[in-house]
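The values are calculated or read from the model by the stated rules, or taken from the named source; none is laboratory data. For clarity, every value in this text was computed on a predicted model and none was experimentally measured. Note that each Cβ is placed from the backbone with ideal geometry, even for glycine, and that neighbours are counted across all protein chains shown.
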Amino acid sequence: MSVAAAESGVILQRRGVLAAIGDYFWRRPGMLIFLMLLPALLWLGIVYLGSLLALLLQSFFAIDEFSGVVDRSQLTLKTYAELLRPQNVDIIFRTVLMAASVTVASAVIAFPIAYVAARYAKGYWKALFYLGVMLPLWASYLVKIYAWKLILAREGILNWVFEQLHLTWLLQAWLSIPVIGGNSLSISYTGTFLVFLYVWMPYMILPIQAAIERVPTNLLDASSDLGATPLQTFWKVIFPLALPGIVAGSIFTFSLTLGDYIIPQIVGNSQFFIGQAVYSHQGTAGNIPLAAAFTVVPIVIMVLYLWGAKRAGAFDAL
Amino acid sequence: MRSSEPRAPLGLAFAATAGLLFMLLPLALIFLYAFSTEERTYQWPPPGLTLKWFAVTWGRVDVWQALTLSVQVASISTLLALILGTLCAAAVSGTKFFGRETISLLVILPIALPGIITGISLRSAFNLMEIPFSFWTIILGHATFCIVVVYNNAVARFRRLHGSMVEAAMDLGANSFQTFRHVILPNLGTALLAGGMLAFALSFDEVIVTTFTAGQQQTLPIWMLEELIRPRQRPVTNVVAMVVVLVTLLPILLAYYLTRDGDQIAGSGK
């Protein structure tokens, strides 16, 4: 076949440098793939992984407590011992707890939205739901925080609403609860939690919606044909199939909360989260090794999380 | 499904509506505050409405400089991400080879790990190699996490693009470049546009990585962050916030129209 084609001159018509290059790649697809991958791999490998490894390496250096100079001559685990001091463990524990609560709350609020958007919204409503999800998702991160600064301010709208409803006592009672309360909403964990929830929740909706949209309608028909009530169909068919979507969404909400240092800095009390600890150790304190060791914590947590998510089939739902 | 239009149960519809309101009302508030006459506090309800602050903001040199820098950084990062992300997506979706999963993971990693990690590792790498912070160090950081957005969009489209179309084009005498120009690119176009716009929006808005990789330069988010931490000119910030929301609204609407058609084709084709 190929010999006949070559002899008949069909291929001879497409001569030229470009054609020759094209033919070369057609015969060696592996080479083409390699060349296509090379730029991105070089970029990510050198710029990203290179910097990441350099940072991790720094966590095995230690800072001299008297001179404040980083000792690069030997590798040590001293910095990691420092990381395990009670005040640092507190920071880690606080951050993980916040990330977990934000994730759970996001899933609870996001699920009905995703479910209605995927299964009931049609035409005009579908567009509205799309906008309702995409606008907060893509709206500027800082603008979203700013909006909540306006809302939570003492003279802001939330306090005003509580006042109009004569429910200020309820707000005060909530704020007087230890740990989650505080002097005012904008300097309490409740405030931090609300802002985290608002900023990261949209990332939960899309994967859940995609997972639910992928449930074939004939599965639901079969379920009801076999005598399941709508509620049974939901719990036995839809929910298990939507679960990978929830796990996929939780990767975002969990990871983003884990590493954020701007939200707790603007809305919250002065207790540090991991991100703030990293920021202050690398900046004002100049303790790069400890900052590096702190970044290892979210990396380890996220690697474990991603590994678990992969087993739950969450990557197909991204 | 077409015969009977199912309606959402009341409780579910209520929960979904409440959720949507929770997401949209804070943004609506931004629009209102931009017109407030109040200068020193975040007082609600606003004592009066005015257009004065739009003129004041228009005349601010620092806002314009920050905006220009943000647009420049976002444009170049998006361009880089488009090239790298598309090539990578083409390679990964075309064939199966050893290490393919690892490459997908590598591309996703910069957004799967918290931004602060990307930021601090780049910063310490620049310090180690004694690279001074500049316009280009900001771009190095931004392009790294923009690649994944383009990659995701392109991979999804490549998956739908059947190999048989490419083979048909080549059987009909097109060389590889003609096939790319006339068959692959038109099919890929809208996905790249959508991915590119999302990458632009991502870079335009990025603050965490930028705080680590910028020197004296102020992108618009950095300008805003300083206002958030130490509010000095609340009315100007209100106006800037509103404009930023408006600017992000446009690409979203566009991306919606672009990808909506693609979804319909995919739905009817399979």
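Could you please let me know if A:Ile92 is more than 17 Å from B:Met23 (Cβ to Cβ), in the same structural domain as A:Gln271 (by TED's automatic domain parsing) and either in contact (Cβ under 8 Å) with a residue 24 or more places away in the chain or surrounded by 22 or more Cβ atoms within 10 Å (Cβ to Cβ) (or both)? Judged against the criteria, A:Ile92 is a match. The set of residues in region B:1-47 that are more than 20 Å from A:Ala139 (Cβ to Cβ), at pLDDT 80 or above and of a type in the set (Gly, Ala, Ser) comprises B:Gly11, B:Ala13, B:Ala15. From the set of residues in region B:124-136 that are more than 7 Å from chain A (Cβ to nearest Cβ) and assigned to a helix (DSSP H, G or I), which is surrounded by the most Cβ atoms within 10 Å (Cβ to Cβ)? Going through the qualifying residues, I end up with B:Phe126. The condition (being out of contact with any Pro (no Cβ under 6 Å at 6 or more places or on another chain) and either within 14 Å of chain B (Cβ to nearest Cβ) or in a helix (DSSP H, G or I) (or both)) is satisfied by just one residue among A:Leu52, A:Leu75: A:Leu52. Residues that are within 11 Å of chain A (Cβ to nearest Cβ), surrounded by 15 or more Cβ atoms within 10 Å (Cβ to Cβ) and without any contact (Cβ under 8 Å) to a residue 60 or more places away in the chain do not occur anywhere in region B:181-194. Here is a check on your reading of the model: is A:Ile299 within 15 Å of the chain's Cα centre (by Cα), in the same structural domain as A:Ile180 (by TED's automatic domain parsing), within 21 Å of A:Leu84 (Cβ to Cβ) and of a type in the set (Val, Ile, Thr)? So A:Ile299 fits the description; yes. Scoring A:Ala139 on the criteria (1) free of Cβ contacts under 8 Å to residues at least 40 places away in the same chain; (2) farther than 30 Å from B:Phe200 by Cα leaves a single failure, condition (2).
Yes/no per residue for (1) touching a residue at least 60 places away in the same chain (Cβ under 8 Å); (2) more than 10 Å from every other protein chain (Cβ to nearest Cβ):
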site: B:Arg7; (1), (2): no, no
site: B:Gly19; (1), (2): no, no
site: B:Tyr33; (1), (2): yes, no
site: B:Thr57; (1), (2): yes, yes
site: B:Val63; (1), (2): yes, yes
site: B:Ala66; (1), (2): yes, yes
site: B:Val71; (1), (2): yes, yes
site: B:Ala74; (1), (2): yes, yes
site: B:Ser93; (1), (2): yes, yes
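Can we say B:Leu105 is more than 21 Å from A:Gln276 (Cα to Cα), of a type in the set (A, V, I, L, M, F, W, C) and crowded, with 18+ Cβ neighbours inside 10 Å? No. Evaluate the following for B:Thr41: is it of a type outside the set (Gly, Ala, Ser) and touching a strand residue (DSSP E or B) at 6+ places or on another chain (Cβ under 9 Å)? Here the answer is no, as B:Thr41 does not meet what is asked.
Take the residues of region B:228-243 that are within 12 Å of B:Val63 (Cα to Cα) and at the interface with another protein chain (Cβ under 8 Å from one of its Cβ atoms): which is surrounded by the most Cβ atoms within 10 Å (Cβ to Cβ)? Filtering region B:228-243 for residues that are within 12 Å of B:Val63 (Cα to Cα) and at the interface with another protein chain (Cβ under 8 Å from one of its Cβ atoms), the one surrounded by the most Cβ atoms within 10 Å (Cβ to Cβ) comes out as B:Ala241.
Do we have B:Val56 as out of contact with any helix residue (DSSP H, G or I) (no Cβ under 7 Å at 6 or more places or on another chain), among the β-branched types (Val, Ile, Thr) and closer than 26 Å to B:Val207 by Cα here? Outline the logic, then answer.
Values: out of contact with any helix residue (DSSP H, G or I) (no Cβ under 7 Å at 6 or more places or on another chain): no; among the β-branched types (Val, Ile, Thr): yes; closer than 26 Å to B:Val207 by Cα: yes.
Judged against the criteria, B:Val56 is not a match.
Scanning region A:166-207 for residues that are more than 17 Å from A:Tyr146 (Cβ to Cβ) and either of a type outside the set (A, V, I, L, M) or away from chain B (no Cβ under 14 Å) (or both) yields a total of 25.
Could you please let me know if A:Ser255 is of a type in the set (Gly, Ala, Ser), in a helix (DSSP H, G or I) and more than 9 Å from every other protein chain (Cβ to nearest Cβ)? Criteria not met by A:Ser255.
Do we have A:Ala285 as more than 9 Å from every other protein chain (Cβ to nearest Cβ), modelled with pLDDT under 85 and part of a loop (DSSP other than H, G, I, E, B) here? Judged against the criteria, A:Ala285 is a match. Within region B:95-108, the residues that satisfy the criterion of being within 24 Å of B:Met197 (Cβ to Cβ) and either more than 7 Å from chain A (Cβ to nearest Cβ) or more than 21 Å from the chain's Cα centre (by Cα) (or both) are B:Ser104, B:Ile108.
Scoring B:Asn127 on the criteria (1) farther than 30 Å from A:Val17 by Cα; (2) in contact with a Ser or Thr (Cβ under 9 Å, 6 or more places away or on another chain) leaves a single failure, condition (2). Restricting region B:51-74 to residues that are surrounded by 14 or more Cβ atoms within 10 Å (Cβ to Cβ) and among the hydroxyl-bearing types (Ser, Thr, Tyr), the residue that is modelled with the highest pLDDT is B:Ser70. Exactly one residue among A:Phe294, A:Phe273 is touching a Lys or Arg at 6+ places or on another chain (Cβ under 7 Å), surrounded by 24 or more Cβ atoms within 10 Å (Cβ to Cβ) and touching a residue at least 24 places away in the same chain (Cβ under 8 Å), and that residue is A:Phe273. Look at (1) buried (at least 19 other Cβ atoms within 10 Å of the Cβ); (2) hydrophobic (A, V, I, L, M, F, W, C); (3) at pLDDT 85 or above and you find that A:Leu185 fails only one, number (3).
Selection of region A:188-241 for residues being aliphatic (A, V, I, L, M) and exposed (fewer than 15 other Cβ atoms within 10 Å of the Cβ) yields A:Leu219, A:Ala222, A:Leu226, A:Leu231.
Evaluate the following for A:Trp169: is it surrounded by fewer than 16 Cβ atoms within 10 Å (Cβ to Cβ) and in contact (Cβ under 8 Å) with a residue 12 or more places away in the chain? Spelling it out, it is not the case that A:Trp169 is surrounded by fewer than 16 Cβ atoms within 10 Å (Cβ to Cβ) and in contact (Cβ under 8 Å) with a residue 12 or more places away in the chain.
A:Ala210 meets each of the listed conditions (1) free of Cβ contacts under 8 Å to residues at least 40 places away in the same chain; (2) within 12 Å of chain B (Cβ to nearest Cβ); (3) small (Gly, Ala, Ser) apart from (1).
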